[in-house]
Amino acid sequence: MRLDILAALSGVMIALQARANGELSHRLNNGLEAALVSFGSGLIIIAAIASFNPAIKAGIKNLRTAVSNKEIAGWKLFAGALGGSFVAIQTNIVPLIGVAIYSVASIAGQTAMSLFVDRIGLTGGGKKLISTRRVAAAVLTVLAVLVSVFDRIDAKNLSMVAVVLGCIAGAVVGVQRALNGQINEHSHQSFTTSLLNFITGTASLMILIIGGVVIGKIQLVALPAGPWWIYTGGIIGVIYIAFTSTIVQHLGVLTFTLFSVGGQLVGSLVIDLVSPTAGVQVSTYLVSGILLTYLGVIVGGVSSSRVQKPKTHK
C-alpha cells in the first residue's frame, strides 16, 4: 500500500482515538485517568504481542546496541513521555471543543513544529529545506484554525484556552513523531518503537497521577461500564505509533503530517456529524476551515526536497 494512503489512514486513527479518549474523560471527569487507561491498555496489548514475537525482542536488542555505541542518545528513547502528554491534553479538551475543532487546532501545531524538526533533521532521515511551499502550508493550517472557530470566538461554550492547548498538543506530537523516526531507524522494528513509547508514556502518566493523588489534586474513580468503544484508544495508539514510526522516516514529518490531515479531518467531521460531543455543532465556518486545511495539504504535500546528510568519516 502507498505510504501517502497509510499516512491518511493514520489520520483517521487520530480522530477515532480523540473521540474515544474524550468520551472516556467526560465519563470519568478525569482527563489524566482517562489518558492512563488509554496508554495502560495499549501497553498491555503491545507487551502481550512482544512476548510472542521474536522480531520485537530483536528490535529491543538493536536499540540497546545503538545506545551502547552512542548511535542514538538515550534521552530520545523517552519519546513516549511526549505521547503521554499529548493524550493527557487530548482527553481533557476534546469534551470541551469537539473532535473537529480539536483536529484543526492540533494540525496547526503539528504543521508548524514539523517545519522545525524537518529542518534540523530530527527524524534521522535527513534534513528538509524550509521552502516557500512548506511555509505556505504551515500558515494555511494555522489560518484554518481561526476560520474553523470564527463563529464561536465569543461563545461561552468555546474555550480558547482549549484551542491553544490543542495547538500545543499538535506541536508535542510533531516532536514525538520525529524522535520515533530515529528510534525506528535503529530498532528496525516498528512495534518495538510502539512498545517503548507505551512503556515510557504509561510511566510518565503514572508519575503525574500519583503526584496528583498525594497532593490531593486528583481523585481516582471507578471505570464506567461502557460503551465498549471508549476503551479502544489504547489499541488504536499501538497501531498508530507503529504506522507513523515507519512512514515518517520516508516522507518526513511535515509531508506525513499534511497527508494525514486528510484522513484526520474527514474522520473528525464524520464523527462530529454521526456521534457529536455534547454541545458541539458542525458549522459552515468549521467546514471552511477544513477545506482551507486541505489547501495546505495540496500546497505543502508536493514539496519533498531534502538537504543531504553530510558524509561522516570514521
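The values are calculated or read from the model by the stated rules, or taken from the named source; none is laboratory data. Since the structure is predicted, the reported quantities are computational estimates derived from the model, not experimental observations. Here Cβ is always computed from backbone atoms with ideal geometry, including for glycine, and neighbour counts include all displayed protein chains.
Things to note:
- Residues of segment 259-281 classified as at pLDDT 75 or above and surrounded by fewer than 20 Cβ atoms within 10 Å (Cβ to Cβ), total: 6
- Helices (runs of 4 or more DSSP H) fully within segment 129-233 counting 1 or more residues that are under 30 Å from A47 (Cα atoms): 160-187, 190-214
- Of all residues in segment 14-26, those satisfying the criterion of being modelled with pLDDT under 90, crowded, with 21+ Cβ neighbours inside 10 Å and either closer than 14 Å to T244 by Cα or over 15 Å from the mean Cα position of the chain (by Cα) (or both) are I14, E23, S25.
- Checked against (1) touching a strand residue (DSSP E or B) at 6+ places or on another chain (Cβ under 8 Å); (2) among the hydrophobic types (A, V, I, L, M, F, W, C); (3) crowded, with 24+ Cβ neighbours inside 10 Å, F39 meets all criteria but (1).
- Residue count, segment 199-218 (criterion: touching a helix residue (DSSP H, G or I) at 6+ places or on another chain (Cβ under 9 Å) and at pLDDT 90 or above): 9
- Matching residues, segment 219-246, being of a type in the set (V, I, T) and either at pLDDT 90 or above or under 25 Å from the mean Cα position of the chain (by Cα) (or both): I230, T232, I235, I236, V238, I239, I241, T244, T246
- For K217: the one exception among (1) surrounded by fewer than 21 Cβ atoms within 10 Å (Cβ to Cβ); (2) under 20 Å from A171 (Cα atoms): (2)
- Residue in segment 184-200 that is within 16 Å of D118 (Cα to Cα) and surrounded by fewer than 24 Cβ atoms within 10 Å (Cβ to Cβ) present: yes
- The conditions of being among the β-branched types (V, I, T) and not in a helix (DSSP H, G or I) are not met by V261.
- Hits in segment 55-76 (condition: touching a residue at least 60 places away in the same chain (Cβ under 8 Å) and aliphatic (A, V, I, L, M)): A55, I56, A58, I60, L63, A66, I72
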